[in-house]
Amino acid sequence: MTRAASPAWGVCEDCGDAYGLPMPTAAGKTGAALCIPCHTAHLNRHAAESQLEALTAPIVGAWAAHWTRAGLPFADLLAMVEDLTGAGMAADYGDAYRARTLRHLRRAHAAPAALPEDVAPARVTLDLEALPALTTCRPADPAHGIRRPYFISSDGEAHTIWPAPDTLTIPQPDGARAVIFTGHRGRTAFFNRVNGAPGYRVPAHLWPHVEAALSGEGEWA
């Protein structure tokens with residue numbers, strides 16, 4: 001596809017070497033145009049930052065709570081954090097200290113042999129025929145505490161499709177669709193735990209109901 005074929009395409013604002021599409025922002029507006037490699041790099045950086053926060057927050061929080069209960073003043077704890085991170089050093093010295101410390105920690109602690117469950121593997125193989133095949137849509141039943149429409153698959157199991165996951169939809173020759181959950185709000189986690197399955201096979205007549213469920217329509221509040 002050339003730039004002329006789609007006026008929305010623009011030169012990537014990161015590398016300037018390729019065309020890309022404007023990326024949506026959290027506020028629902030149009031952001032910078034990014035090519036595929038640069039957009040992928042953005043997603044990886046975001047995933048790394050989010051994982052760092054998720055891994056360190058419980059440890060640092062528990063440490064602070066423990067020593068506060070033991071009687072150490074908050075100012076002392078804050079000073080320890082500043083010393084550990086080099087926050088009190090001059091800018092050049094602080095940068096060098098953090099870089100040296102990070103390189104040392106990277107060598108001292110090897111990457112885990114197995115990926116954590118919430119990190120997507122580099123390659124995943126899915127057998128579309130093995131995905132649950134939806135056959136029936138049942139309406140919400142507020143009187144019995146069923147807040148959302150749900151679906152019955154060919155094996156008789158009930159499935160609730162919760163709204164807002166990132167999905168990949170693959171049309172099939174017979175009009176059916178394979179819907180695969182790829183993550184949530186741009187954070188990749190291939191096997192979507194909320195919806196309970198990696199995806200579904202959806203016959204053509206049920207697609208409007210699945211599309212409505214993914215968009216949050218039909219929920220009883």
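The values are calculated or read from the model by the stated rules, or taken from the named source; none is laboratory data. No experiment lies behind these values; they were computed from the predicted model shown. Heads up, the Cβs are rebuilt from the backbone with ideal geometry, glycines too, and the neighbour counts pull from every protein chain shown.
Please state which one of 104, 109 is modelled with pLDDT of 90 or more and loosely packed, with under 11 Cβ neighbours inside 10 Å.
The conditions single out 104.
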message: One residue is enough: does region 210-220 have a residue meeting the conditions buried (at least 18 other Cβ atoms within 10 Å of the Cβ) and at pLDDT 90 or above?
response: yes
task: Please indicate, with yes or no, whether at least one residue in region 196-204 is at pLDDT 90 or above, in a strand (DSSP E or B), of a type in the set (Gly, Ala, Ser) and over 30 Å from residue 51 (Cα atoms).
output: no
- prompt: Within the set of pairs 6 or more residues apart or between chains, which connect a residue that is under 15 Å from residue 81 (Cβ atoms) inside region 50-64 to a residue that is surrounded by 12 or more Cβ atoms within 10 Å (Cβ to Cβ) and at pLDDT 90 or above with Cβ atoms less than 6 Å apart?
  reply: 64/77
message: Regarding region 17-36, can at least one residue be identified that is in contact (Cβ under 8 Å) with a residue 12 or more places away in the chain, more than 19 Å from residue 166 (Cα to Cα) and acidic (Asp, Glu)?
response: yes
